[in-house]
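Data block below; observations after.
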Amino acid sequence: AYVYIKDVELRYIYVNKKASAYYDCPPEELIGQKDDSLAKHYTVADQVTEATELSDRRVIAHGETIEAIEKSYNQLKGRVEYYSAVKQPLYDGQGQIVGLFGVATDITAHKLAAQALQQKEQYLSAILDNVGACIFIKDKSLRFEYINRMTEDTFQVALQDVVGKSNEEVLGDIQGATFSETDREVFTTGDLVTCLETFGAPGSERYYWTVKAPLFDQHNHVESLIGMSTDITSQIVLEKQLRSANKALNQHIEEIEALRAELEESAIRDPLTGLYNRRYLDEFVQKEWSRSERNQDPISVALLDLDRFKVVNDSFGHAAGDKVLVAFSEMLSAVARKTDVACRFGGEEFVLLMPGAPIDVAVERAQQFLREVEAMQVEVGEVVIQVTTSAGVACYPDDASSFEGLVAIADRALYQAKKSGRNQVVNSAQLAINAED
């Protein structure tokens, strides 16, 4: 077979000896060349190059596997040639197409014989003298009239034992019925039929590229057919191996991508609570802040801190404290809108960033959350733990022009809430009033 590899620019980067012999030059002279630069070997170079390039680009652009019959005029040999070609994309480790792999089998002799057949004598002469393939002739009843020696060897039958018998009688009902289907198509349409046929037991099948052509009588009626089958098992096996390799490669890429996504997610999540961490909050703020500045949209920040959480750890243990933090975080995630960012700021301190929320809306939501926390019960063994939380709320742009300034004001408001008795919300306006008092 002619074997070659091209890069994405359709330049040859590998050819086997048979492919280089086609151009009558050593392989190294073909490397880096495109088909159009080899036009001196064709009398219809433009049409040939255009057709070849079109199928090549389909492989590169769309990742298609193409099976086609390609035609060219070989000026060195002075003849038209036909090739059964299989082209398949090649991928790199990232799943990107980096070229194509092609295998072409010269079926010129078969094709020319099929076109040239006008009489049985000419068919048999071409078959016996030139074609290394399984050859057979069948009548309108789909019974064998002739098989050549290669057919005898392939199917382990003798000519005298086959003549007058049907596919089913020679090959068995199941295998024979498959062969008969395309035989009937020749007699029904009166046209040339090409197909891929298999023979043999499962796991040891042989694959054949078969051409079946009608033979006409003097009234132009189809009276019989002649068939030529070329063993292309090696090409089919190679194609299956390539597909299997591509499938395995794609699966491996998917696994790597899933792992990468998992690692990225773990890098921005707090391992205990599952809330976003400060790293993610900082990245989100960088993007959201500029958008809010352009649109003059408010952004509110609620800084939340569990009241007397040290008492919980000291009284019930850190495992119980962790369970309270998890329950608190789940409740915070539940009340957060899709546009909000709930983040564990550190220890028992949390942040709820609320883009688009003015101060009054943010305070109302924080108060509602405090009521839900107060009603929350966390069971640790036979003990039920209840906690409260305090919150400080500030809003951009009224309170500060930067996120850091906003957090600082919210922190002062949180301190005021703690100082004033805990389990309450203090906003920036109240903080200003208290400062005046």
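The values are calculated or read from the model by the stated rules, or taken from the named source; none is laboratory data. Only a predicted model underlies this, so the values are computations on that prediction, with no experimental measurement involved. Ideal geometry is used to build each Cβ from the backbone, glycine not excepted, and the neighbour counts take in all protein chains shown. SASA here: full protein model, heavy atoms, side chains in, ligands and nucleic acids out. Shrake-Rupley method; radii C 1.70, N 1.55, O 1.52, S 1.80 Å.
For the range 316-343, taking the residues that are under 37 Å from the mean Cα position of the chain (by Cα) and among the aliphatic types (A, V, I, L, M), the one that is surrounded by the fewest Cβ atoms within 10 Å (Cβ to Cβ) is identified as ALA334. In the list ARG412, ARG422, which residue meets the criterion of being basic (Lys, Arg), outside any helix (DSSP H, G or I) and open to solvent by 20 Å² or more (accessible area, probe 1.4 Å)? Sole residue among the options that is basic (Lys, Arg), outside any helix (DSSP H, G or I) and open to solvent by 20 Å² or more (accessible area, probe 1.4 Å): ARG422. Every condition in (1) of a type outside the set (Lys, Arg); (2) closer than 26 Å to SER266 by Cα; (3) crowded, with 18+ Cβ neighbours inside 10 Å holds for VAL312 except the one numbered (2).
Scan the range 294-339 for residues that are without any contact (Cβ under 8 Å) to a residue 40 or more places away in the chain, part of a helix (DSSP H, G or I), out of contact with any helix residue (DSSP H, G or I) (no Cβ under 6 Å at 6 or more places or on another chain) and β-branched (Val, Ile, Thr) and jot them down. Hit for the range 294-339 is VAL311, nothing else.
Taking each residue of the range 9-23 that is in contact (Cβ under 8 Å) with a residue 24 or more places away in the chain and farther than 13 Å from GLY102 by Cα and looking for partners that are of a type in the set (A, V, I, L, M) and open to solvent by 80 Å² or more (accessible area, probe 1.4 Å) with beta-carbon atoms closer than 9 Å, six or more apart or interchain, yields TYR22/LEU76; TYR23/LEU76.
One residue stands out in the range 69-113 among those that are of a type in the set (Ser, Thr, Tyr) and open to solvent by 40 Å² or more (accessible area, probe 1.4 Å): the one that is farthest from TYR22 (Cα to Cα), namely TYR91. Quick check, is ASN250 touching a Pro at 6+ places or on another chain (Cβ under 9 Å) and in contact (Cβ under 8 Å) with a residue 24 or more places away in the chain? Answer is no for this residue. Any residue at all in the range 349-368 that's within 21 Å of ASP322 (Cβ to Cβ), in a helix (DSSP H, G or I) and either aliphatic (A, V, I, L, M) or open to solvent by 50 Å² or more (accessible area, probe 1.4 Å) (or both)? The answer is no, given that none of the residues of the range 349-368 is within 21 Å of ASP322 (Cβ to Cβ), in a helix (DSSP H, G or I) and either aliphatic (A, V, I, L, M) or open to solvent by 50 Å² or more (accessible area, probe 1.4 Å) (or both). Out of LEU272, LEU263, LEU306, one residue alone is open to solvent by 50 Å² or more (accessible area, probe 1.4 Å) and at pLDDT 90 or above. It is LEU272. Would you confirm whether any residue within the range 27-46 is open to solvent by 20 Å² or more (accessible area, probe 1.4 Å), at pLDDT 85 or above, over 24 Å from the mean Cα position of the chain (by Cα) and on the phi > 0 side of the Ramachandran plot? Checked the range 27-46: at least one residue is open to solvent by 20 Å² or more (accessible area, probe 1.4 Å), at pLDDT 85 or above, over 24 Å from the mean Cα position of the chain (by Cα) and on the phi > 0 side of the Ramachandran plot.
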